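Report on the following structure.
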Amino acid sequence: TIAKCNGLQSLQIKEAKGLRKLVVLDCPHLQSLSFEGSSLKSFRYRGNLVSFRFRGKCNCFPLIRFCECGLLLDDAMIDIRQGALTQWTWDFEIETPFSRGLRKGNHCDCANKYKCFNSILRSIKDVQSLTMCRWFYETTMCKKLPFSSRCPEYYLSVLELWWIDCSMERESINALLCFLKLCPNLKRLNITLDPKCYNLPSTGKFSTSVIVPDKLDDLKVVKIEGFANEEKENFMARRLIPLFGENNPVIISKPNGKCLKHLVKMAKLEKKGKYPYKFEMVENVDENFPDHVHINI
C-alpha cells in the first residue's frame, strides 16, 4: 500500500512475481505508474488519471485452455474522479515465451490506441469487484465496442460494481446502462453522485444503445447516494427497475445522515398513470445489503 506520498511522481514496480495486491491512494503529484509481475489479483487506485503500464508474464503453452498467470485481476478500483492529467496512457501487455516480444492487449483502430476501452477491457475482464467513473468509460470507449448480448467475448465477470459520476442526467444514465450490458452476472450495484467529480460533458454516444435495456437476472440490490432530491431519485429508479427482470426491485437510497430510504411499490395509486413506486424511510434495510467493498477505503 502506497498512500499520500506527496512529491512522488513516478512509481515503477518490476519483477513482482509474488505480489498479489497493490493499493495506491491519494498521491497528488504522481504522473506515471508501471507494474510488471505475474500474480497480481487486486489493484486499487485513487487519484488523478495518470499513465498506467501493466506488463504481465505468462509461461503457459499456447494451447492450454485455462491459464492462471499474467494479469488476471479479480478486484479493481479505478477511482479517478479527480480527472485526468494532460498526458496519460493505459498500456496493457502480456509477455509469453512462445510469442515474439509482447502480445499487446489492444486490438482496435482508434485514433489513439492508448485511450481505447478495448485495451482496458482486457485488463479488467475477470474482475468481480469493480469501481469505475462514468467520464473515464465515456472517454475511452471504442466506437466499435458492441452493446449486444450476442458478443459474449466482451463480457466482464463483475459481480459488484461501484459507479461514480458528478450527475445523473439522461445521457449519464445511458452510459451506465450501456456499461451494465457488459456485466450480465452483476449482483450488486452502488451508484455515487459526487458534485466534485471531474465533469466531462456527455457526448450522447450512448443514447441509441439503450432503447431496450438487457435484463440482469442476478441483480439483487442497487444503492444510490448523493442525489439532490427525491425527484432525481425517482428518475433514476424508473430507469433501473427494468433491469431487474422478474425479480422484485430492491433500490436503496442513502441520503445524508444515517437514515436509508427503500423503494417500495404502492398498493394503490393515488392518480391514474402515477409512478407506482416511492421511497420510504426504513431501518436496518442495509444489514443484508452491505456497501461495495471499495467504498470505505
Inset, instruction - Starting from the amide H of Ser253, placed 1.01 Å from N in the peptide plane, find each other amide H under 5 Å away whose residue is 5 or more places distant or on another chain. - result: Ile224, Lys261, His262, Leu263
Inset, instruction - With 27 Å as the limit, write out which pairs from Lys181/Lys223; Lys17/Lys223; Lys187/Lys232; Lys41/Lys232; Lys125/Lys254; Lys196/Lys254 have Cα-Cα distances beyond it, or answer none. - result: Lys17/Lys223; Lys41/Lys232; Lys125/Lys254
Legend entry - List Glu231, Glu15, Glu93, ordered by accessible area with a 1.4 Å probe, largest first: Glu231, Glu15, Glu93
Inset, instruction - Would you kindly find the accessible area of Arg170, with a 1.4 Å probe and non-protein molecules such as ligands, DNA and RNA excluded, rounding to the nearest 10 Å²? - result: 130 Å²
Inset, instruction - For Leu72, Leu180, write out the residues from largest to smallest accessible area, computed with a 1.4 angstrom probe and no ligands counted. - result: Leu72, Leu180
Legend entry - Lys196, Lys223, Lys21, reordered so the largest accessible area comes first (probe 1.4 Å): Lys196, Lys21, Lys223
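The values are calculated or read from the model by the stated rules, or taken from the named source; none is laboratory data. Since the model is a prediction, treat every value here as computed from it, not as a measurement. For the accessible areas, the whole protein counts, side chains as well, though only heavy atoms, and no ligand, DNA or RNA atoms are used. Shrake-Rupley method; radii C 1.70, N 1.55, O 1.52, S 1.80 Å.
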